[in-house]
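Trainee: Following this message is one structure expressed as structure tokens.
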Amino acid sequence: MIPRRLAGCVLALAIAACGKKDSAAQQRAAQGDRVIPVSVAKVEQKDFPVFLDGLGTVTAYRTVTVRSQVDGRLDSVVFREGQEVKKGEVLAQIDPRPFQIQLHQGEGALARDQAQLVGAQRNLARFEDLAKRKLIAQQQADDQRALVGQFEGAVRIDRAAIETAKLNLAYARITSPIDGIAGIRNVDPGNLIHASDANGIVTIAQLDPIAVIFTLPQDVLPQVSGQLRQGALEVRVLARDGGAEMGRGKLEVIDNAINATTATLRLKAVLSNPQRLLWPNQFVKARLLLTTRQGAMVMPAAAVQRGPDGSFVYVVQGDSTVQPHPIQIELQQGDEAIVGKGVNVGDAVVTEGQNQLRPGSKVAARQPGQGRDAGPPAPREGTMPAATGQQQGPQQPRRGSP
């Protein structure tokens, strides 16, 4: 005979086990009938630009340090710091009087030597006539001819001295060699400056057009050089955080050497900069448009799931259920991916909420950007609501096979 107390315990345990089985069965039934809210997007066919992204630095297209080419006292500085200057515009003036004096000296020496040359030429004509008539020795005529040659050389030297004086006088008037922006002045008026000064007077930087130097991995060199041979490649320059676009230009040149330390390749792009959005030494993000895939099949990258058998997506069927489809990804860039096969254009793929799905799950599809429902679907009569647990964040892709 089983004791009465033991029999009661066995009966209680049996009743509890039955209750748990009924509750688990009810929860499974509720989950099987529950409609899961998910975000979906359509598979599209469109032209897909392929970019190569790199970090870069803005540099002036041309930079010139303006130095004096003659020694002298700096009389005046005409430009303002930060001023936009044009090629040939006067920037500063060195005291021109020493060079004017040199010019006057050269002109005086030229007049003297020209007069002596004229006299020597007349005497040479007389001596040659007398020598023909044997009235003087031939040596006298030859000596006079040599004297004429000396005066001709002196005249040429005087003319060169005049040209040097004029050149120094022009150098005393310092002008801008390029169009650009004047930097901070390095010397003030009144100082004695020399042609050997290292710092110069000011630095002029050409900012329109402007250049961007950026780097890419060395592995992309065959692709870039191959596309560059077919024509100019477009480069888009973005802010450092990749947000606002600051300009577009063309790839100018690929550096002639690879950096062996970083295994990267330097490239230079040139673009217009009329609004001065780009400034030398500014860090930017450069996007090189390598090519454009015509008529590619494109879907959001968030729809792609990874499993032991490869990539797959959940495709919404006509009866609002989902089925996993194995796919082949040809290229993923940013938030989009090019699909080789596995889906068709127009298919609705799940982009959010995949971790709650199983093959055959019933879903309520909404387009990306639509708000979530006010709350979870109300439980059917006679079922227990599923435990919610703590509040979930953004859905992460579920790892595992479909």
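The values are calculated or read from the model by the stated rules, or taken from the named source; none is laboratory data. Please read all numbers here as calculations on a predicted model, not as lab measurements. FYI the Cβ positions are ideal-geometry reconstructions off the backbone, even for glycines, and counts take in every protein chain you see.
Trainee: Does Ala198 satisfy the condition of being outside the structural domain of Lys87 (by TED's automatic domain parsing) and under 30 Å from Gly108 (Cβ atoms)? Spell out how you get there, then give the answer.
Mentor: Numbers: outside the structural domain of Lys87 (by TED's automatic domain parsing): yes; under 30 Å from Gly108 (Cβ atoms): no.
Judged against the criteria, Ala198 is not a match.
Trainee: Any idea which of (1) surrounded by fewer than 20 Cβ atoms within 10 Å (Cβ to Cβ); (2) touching a residue at least 60 places away in the same chain (Cβ under 8 Å); (3) not in a strand (DSSP E or B) is the one Asp319 doesn't satisfy?
Mentor: Failed condition: (2).
Trainee: Of all residues in region 72-83, count the ones that are small (Gly, Ala, Ser), assigned to a strand (DSSP E or B) and surrounded by fewer than 17 Cβ atoms within 10 Å (Cβ to Cβ).
Mentor: Selection size over region 72-83: 1.
Trainee: For Val345, state whether it is outside any strand (DSSP E or B), modelled with pLDDT of 90 or more and either of a type outside the set (Lys, Arg) or touching a Ser or Thr at 6+ places or on another chain (Cβ under 6 Å) (or both). Break it down stepwise before answering.
Mentor: Working: outside any strand (DSSP E or B): yes; modelled with pLDDT of 90 or more: yes; either of a type outside the set (Lys, Arg) or touching a Ser or Thr at 6+ places or on another chain (Cβ under 6 Å) (or both): yes.
Criteria met by Val345.
Trainee: Give region 162-212 a look and list any residue that's among the hydroxyl-bearing types (Ser, Thr, Tyr) and in a loop (DSSP other than H, G, I, E, B), or say none. Break it down into steps so the answer makes sense when it comes.
Mentor: As a first pass, look at region 162-212 and keep what is among the hydroxyl-bearing types (Ser, Thr, Tyr): 164, 171, 175-176, 196, 203.
Scanning region 162-212 gives Ser176, Ser196.
Trainee: Please specify each residue of region 185-237 satisfying the condition of being exposed (fewer than 12 other Cβ atoms within 10 Å of the Cβ), among the charged types (D, E, K, R) and within 30 Å of Phe79 (Cβ to Cβ).
Mentor: Asp188, the sole residue that qualifies.
Trainee: Pro177 - would you say it is touching a Leu at 6+ places or on another chain (Cβ under 6 Å) and of a type outside the set (A, V, I, L, M, F, W, C)? Lay out the reasoning, then the answer.
Mentor: Values: touching a Leu at 6+ places or on another chain (Cβ under 6 Å): no; of a type outside the set (A, V, I, L, M, F, W, C): yes.
Taking the combined requirement at face value, the residue does not satisfy it.
Residues checked against (1) surrounded by 16 or more Cβ atoms within 10 Å (Cβ to Cβ); (2) part of a helix (DSSP H, G or I):
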site	(1), (2)
Thr59	yes, no
Thr63	no, no
Val70	yes, no
Lys87	no, no
Gln93	yes, no
Gln102	yes, yes
Gly106	yes, yes
Arg126	no, yes
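Each row is one residue, and each column tells you yes or no for (1) touching a residue at least 60 places away in the same chain (Cβ under 8 Å); (2) in a strand (DSSP E or B); (3) within 25 Å of Ala244 (Cβ to Cβ); (4) touching a helix residue (DSSP H, G or I) at 6+ places or on another chain (Cβ under 9 Å).
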site	(1), (2), (3), (4)
Gln275	no, no, yes, no
Asn281	yes, no, yes, no
Thr292	yes, yes, yes, no
Ala296	yes, yes, no, no
Val313	no, yes, no, yes
Gly340	no, yes, no, no
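Trainee: Pairs please, first residue from region 240-268 and within 15 Å of Phe214 (Cβ to Cβ), second anywhere and among the acidic types (Asp, Glu) and modelled with pLDDT of 90 or more, Cβ atoms under 6 Å, 6+ apart in sequence or on different chains.
Mentor: Going by the 6 Å Cβ cut-off, the qualifying pairs are Arg266/Asp255; Lys268/Glu252.
Trainee: Sticking with this structure for a sec: Which condition does Ile162 not pass, out of (1) at pLDDT below 95; (2) buried (at least 17 other Cβ atoms within 10 Å of the Cβ), if it passes all the others?
Mentor: In the conditions (1) at pLDDT below 95; (2) buried (at least 17 other Cβ atoms within 10 Å of the Cβ), Ile162 misses (1) alone.
Trainee: Under the condition of being aromatic (Phe, Trp, Tyr) and either in contact with a Leu (Cβ under 8 Å, 6 or more places away or on another chain) or modelled with pLDDT under 90 (or both), which residue from region 277-320 is farthest from Ala182 (Cα to Cα)?
Mentor: Tyr314
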